[in-house]
1. Taking the range 48-79 as the region of interest, how many residues are of a type in the set (K, R) and either closer than 21 Å to L127 by Cα or in contact with a His (Cβ under 8 Å, 6 or more places away or on another chain) (or both)?
2. Looking only at the range 101-123, filter to residues that are modelled with pLDDT of 95 or more and surrounded by fewer than 17 Cβ atoms within 10 Å (Cβ to Cβ); which one of those is nearest to R38 (Cα to Cα)?
3. Checking the structure you have, find out if any residue of the range 131-138 is more than 18 Å from S21 (Cα to Cα), under 12 Å from the mean Cα position of the chain (by Cα) and surrounded by 23 or more Cβ atoms within 10 Å (Cβ to Cβ).
4. For the range 80-97, indicate whether the set of residues that are over 25 Å from S122 (Cβ atoms) and either free of Cβ contacts under 8 Å to residues at least 40 places away in the same chain or crowded, with 18+ Cβ neighbours inside 10 Å (or both) is non-empty.
5. Out of G70, G31, G82, G76, report the one residue that is within 15 Å of the chain's Cα centre (by Cα), at pLDDT 90 or above, farther than 21 Å from L118 by Cα and of a type in the set (G, A, S).
6. Give the number of residues within the range 65-82 that are among the β-branched types (V, I, T) and closer than 16 Å to R37 by Cα.
Amino acid sequence: MIGIPPCRRGGRPADIGLHASQVAREWEDVGEGYVRRRMQDLGIPEHQHGQPDYERDGRWRAFDPYGRKGGANTTGAVVDSGVLNPELLKAKKGGRIWPKMRLKDRIDAIITHEYEELHRGSHTEALKAAARTELPISDEARRLCRAMAR
């Protein structure tokens, strides 16, 4: 084992969103590499693979382990630790199927939504556009996008 054994880390916090953020920080490099690769595979232009993180170190990030909303966009698309939170969409559209989705499908759905929001300029329009996107996302990610658009 490398690092502190799980039994000595203090356990999981009661706030599942906080736990997701802690896990995301531990695996930040893996998340960054995977999200960038998925963006490339989906055909997102390279200049929109992430954005600068001015709140912290100014580093360009496609995966933000500190954010807890699922994703963000200003100059590019970003996936954040919310993707790891099974309760992220609780009491929202898509909330019933979100916890059952594979991580890959959640990531694809968030990338698609954030990419569409960059181009549409509004969250509501992005929900509609993501549901009928031309991007080659998985059928399950497309199902999630449709559920979120209802």
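1. Within the range 48-79, the first condition is being of a type in the set (K, R), and the residues that meet it are 56, 59, 61, 68-69.
Then drop every residue that is not either closer than 21 Å to L127 by Cα or in contact with a His (Cβ under 8 Å, 6 or more places away or on another chain) (or both), which leaves 68-69.
Number of matching residues: 2.
2. Filtering the range 101-123 for residues that are modelled with pLDDT of 95 or more and surrounded by fewer than 17 Cβ atoms within 10 Å (Cβ to Cβ), the one nearest to R38 (Cα to Cα) comes out as K104.
3. Among the residues of the range 131-138, not one is more than 18 Å from S21 (Cα to Cα), under 12 Å from the mean Cα position of the chain (by Cα) and surrounded by 23 or more Cβ atoms within 10 Å (Cβ to Cβ), which makes the answer no.
4. Within the range 80-97, the subset over 25 Å from S122 (Cβ atoms) is 84, 86-87.
Restricting the remaining residues to those that are either free of Cβ contacts under 8 Å to residues at least 40 places away in the same chain or crowded, with 18+ Cβ neighbours inside 10 Å (or both) gives 84.
Yes, there is a match, as at least one residue in the range 80-97 is over 25 Å from S122 (Cβ atoms) and either free of Cβ contacts under 8 Å to residues at least 40 places away in the same chain or crowded, with 18+ Cβ neighbours inside 10 Å (or both).
5. Details: G70 fails: farther than 21 Å from L118 by Cα; G82 fails: farther than 21 Å from L118 by Cα; G76 fails: farther than 21 Å from L118 by Cα.
None of the other options fit; the residue is G31.
6. Result for the range 65-82: 2.
The values are calculated or read from the model by the stated rules, or taken from the named source; none is laboratory data. Source: prediction; values computed, not measured. Methodologically, a virtual Cβ is constructed for each residue, glycine included, from the backbone with ideal geometry; neighbour enumeration extends over all protein chains shown.
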